[in-house]
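This report refers to the structure that appears directly beneath it.
Since every read-out is calculated from the coordinates, none of them should be taken as a lab result. In this text the structure is predicted, and so the values were computed from the model without any measurement. So basically every Cβ, Gly included, is an ideal-geometry build from the backbone, and we count neighbours across all protein chains shown.
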Amino acid sequence: MAVKVIIPTPLRAYAGKQESVEVQAATVGEALSALTGKFEELKKHLFADDGRLRSFVNVYVNDEDIRYLQKDQTRLSEGDTVSIVPSIAGGARN
Amino acid sequence: MATKIGIPAGPESRKPAVTLSKEEVLRYSRHLIMPEVGMDGQLKLKQAKVLCIGTGGLGAPLGLYLAAAGVGRIGLVDFDVVDSTNLQRQVLFGTSDVGRPKIEAAADRLRDLNPDIQIDTFEAHLASENALDILKDYDIVVDGTDNFPTRYLVNDACVILGKPNVYGSIFRFEGQITVFGYPGGPCYRCLYPEPPPPGLVPSCAEGGVLGVLPGIVGTIQAAETLKLIIGKGEPLVGRLLLFDALAMKFRELKLRKNPECPVCGEHPTVTKLIDYAEFCGIRGEEAPVTATNLPEITPRELKARLDRGDDLYILDVREPHEYQICNLDGHLIPLGELSRRVNELDSSREIVAHCRSGKRSADAVQFLQKAGFRKIWNLKGGILAWSDDVDPSVPRY
């Protein structure tokens with residue numbers, strides 16, 4: 001399935017500055033693999049060392065959180081939008 | 001005696017009737033003539049108590065519009081001082097306020113806008129020790145803060161106290177808005193159970209922010225707050241509104257309440273406020289992210305070595321637009337491109353990596369060390385420290 005993966009602003013620097021990337025995938029897991037296959041540096045921002053999605057990053061298929069679907073096994077349809085939504089807090093100088 | 005208009009006190013009410021004066025009727029006439037607000041709605045606004053946490057980018061439009069709308073009691077929490085870099089977006093303040101505590105400047109401005117309302121100020125760092133006390137007297141809390149530990153603190157405190165938390169956050173030109181803590185609705189931890197490790201998500205000071213963005217997001221937070229008070233329209237409960245100012249697009253994602261949420265779930269494990277700095281992996285506000293054994297060089301030491309004629313290779317890991325502001329004539333490889341362009345560097349040479357404040361360059365040094373570079377140093381404090389200690393003609397930004 002051809003799906004569009006939306007890259008959030010904080011991660012665009014690691015995805016060739018693109019705001020969305022088209023990939024071929026049957027499931028969310030495959031879509032994210034295809035994405036990190038194209039952009040190796042995204043991997044550490046999306047996944048922890050054990051290969052699980054980092055907990056401050058949420059993934060949606062269209063408008064549904066994959067945690068309430070079948071997680072990375074969630075099947076995709078042609079033209080679906082996969083959104084990566086990390087937590088942001090603005091402001092403070094660290 | 002001036003004519004009073006309002007809801008008469010009935011036998012059920014123990015408080016004196018809330019009314020609007022003639023002046024208030026005139027001030028809020030544009031509300032009163034709308035059926036969605038009307039007298040009922042305006043009186044609800046007058047009796048409402050809203051706590052605004054943060055009087056910065058988000059807090060500015062928030063405070064202004066809540067005061068303008070006649071919210072009867074507005075609490076402001078901020079411990080910061082007005083800085084000239086704030087004026088690009090924090091429209092509550094003027095140039096003459098630079099150096100003043102934000103809370104004072106904010107209260108002055110809001111009282112001028114609306115002298116009839118009560119403004120409470122808390123010049124304090126919101127923490128586990130004081131949060132429940134500060135929040136308890138208010139009906140609604142609006143989160144306009146700028147860091148993860150405080151967001152988790154505010155969330156947990158609101159869930160514990162049973163108060164809605166109107167959440168807004170921004171980054172560069174993107175924003176997120178929703179209402180957490182509403183009965184039956186999700187909380188912040190349902191969405192993000194854990195914060196990102198420090199240093200992984202850039203702050204505004206590092207990532208920058210389009211000035212109007214907190215203006216738009218904060219105004220949306222104000223709109224949601226007013227809707228919650230007057231009980232009209234559809235609040236953003238269970239809905240995450242995503243806004244992209246560059247594309248000028250709004251999207252909406254569904255937010256679900258997590259039945260296993262440690263704070264608001266069916267069997268909560270967090271029933272008291274915790275140490276949020278520890279939760280977010282930060283010890284103290286100014287804790288640096290650099291590794292303890294990272295090789296460093298101070299600006300003065302660097303200057304001394306350069307003056308001596310040492311053959312040092314300066315690696316600048318900032319972005320091209322930063323290089324245009326000021327630079328040390330370094331070789332520019334933005335941090336995000338370093339792994340791809342590492343072969344441009346000669347590991348036999350002594351390399352000093354720098355960025356704006358020393359954080360990104362610390363990441364670069366760690367990466368290069370792992371890649372086998374042995375003669376690599378981080379410029380402590382970055383080009384900002386160079387401006388402070390070596391060459392004040394270099395502009396700070």
Query - Options B:Pro214, B:Gly185, B:Ala17, ranked by Cα towards positive dipole end of chain B, top entry (Cβ charges) - result: B:Ala17
Query - B:Val394-A:Lys71 FRET efficiency (beta carbon distance; Förster radius 56 Å; 0.05 resolution) - result: 0.65
Report summary line: Rg/Rh of region B:84-151 (Cα atoms, Kirkwood Rh), to two decimals, equals 0.98
Query raised in the report: Relative contact order of region B:266-397: what whole-number percent is it, with Cα pairs under 8 angstrom and at least 6 residues apart?
Result: 28
Report task. Sticking to Cα atoms, compute the Rg of chain B to one decimal and its Dmax as the biggest Cα-Cα distance, whole number, in Å. Result -> 25.0, 89
Report summary line: The residues B:Tyr188, B:Tyr323, sorted from fewest to most surrounding Cβ atoms within 10 Å, come out as B:Tyr323, B:Tyr188
**Report entry** Hydrodynamic radius of region B:48-279 per Kirkwood, over alpha carbon pairs, in Å
**Finding:** 17.7
Query raised in the report: FRET efficiency for A:Lys17 and A:Lys44, Cβ-Cβ distance as r, R0 = 22 Å, nearest 0.05?
Result: 0.75
Query raised in the report: Reported to two decimal places, what Rg/Rh ratio describes the protein assembly as shown when computed on Cα atoms with Rh from the Kirkwood expression?
Result: 1.02
**Report entry** Alpha-carbon radius of gyration plus Dmax, which is the widest Cα pair, for region B:232-390 in Å
**Finding:** 22.3, 72
Report task. Normalise the Cα radius of gyration of region B:328-368 by 2.2 N^0.38 Å (N = residues in it) and let me know the number. Result -> 1.08
Query raised in the report: Taking the Cα atoms only, what angle lies between the long axis of helix A:28-38 and the longest principal axis of chain A, rounded to 10 degrees?
Result: 60
Requested in this report: Just the Kirkwood number for region B:296-389, please: inverse of mean 1/r across all distinct Cα pairs, in Å, one decimal.
Outcome: 13.0
**Report entry** region A:2-86 - Debye-derived log10 I(q)/I(0), Cα point model, q = 0.13, 0.19 Å⁻¹
**Finding:** -0.33, -0.76
Report task. With unit charges on the beta carbon (Lys/Arg positive, Asp/Glu negative), name the residue among B:Thr150, B:Leu368, B:Ile160 whose Cα is farthest towards the positive pole of the charge dipole of chain B. Result -> B:Ile160
Query raised in the report: So, with +1 on the Cβ of K and R and -1 on the Cβ of D and E, and no other charges, what is the size of the charge dipole of region B:296-389 about its Cα centre, to the nearest 20 debye?
Result: 300
Query raised in the report: Where does chain B land at 222 nm, in deg cm²/dmol rounded to the nearest 500, when only DSSP H runs of n ≥ 4 count, each adding -39500 (n - 2.57), divided by all residues?
Result: -9000 deg cm²/dmol
Report task. Filter the GluC sites (Glu not before Pro) in region A:3-43 down to the DSSP loop ones having no more than 16 other Cβ atoms within 10 Å, then list what survives. Result -> A:Glu19, A:Glu40
Requested in this report: With only Lys, Arg, Asp and Glu charged, each at its Cβ (+1 for the first two, -1 for the last two), find how big the charge dipole of chain B is about the Cα centre; round to the nearest 20 debye.
Outcome: 1040
Query raised in the report: How do B:Ser169, B:Ser128 rank when sorted from fewest to most other Cβ atoms within 10 Å of their own Cβ?
Result: B:Ser128, B:Ser169
Report task. Give a quick list of GluC sites (Glu not before Pro) in region B:85-142 that DSSP marks as loop, anything other than H, G, I, E or B, with at most 11 other Cβ atoms within 10 Å. Result -> B:Glu129
Query raised in the report: Which of the pairs A:Lys4/A:Lys44; A:Lys43/B:Lys303; B:Lys227/B:Lys254; B:Lys46/B:Lys232 have their Cα atoms more than 27 Å apart in this structure?
Result: A:Lys43/B:Lys303
Query raised in the report: For region A:2-86, what is the charge dipole size about the Cα centre, in debye to the nearest 20, if Lys and Arg each add +1 at the Cβ and Asp and Glu each add -1 at the Cβ?
Result: 220
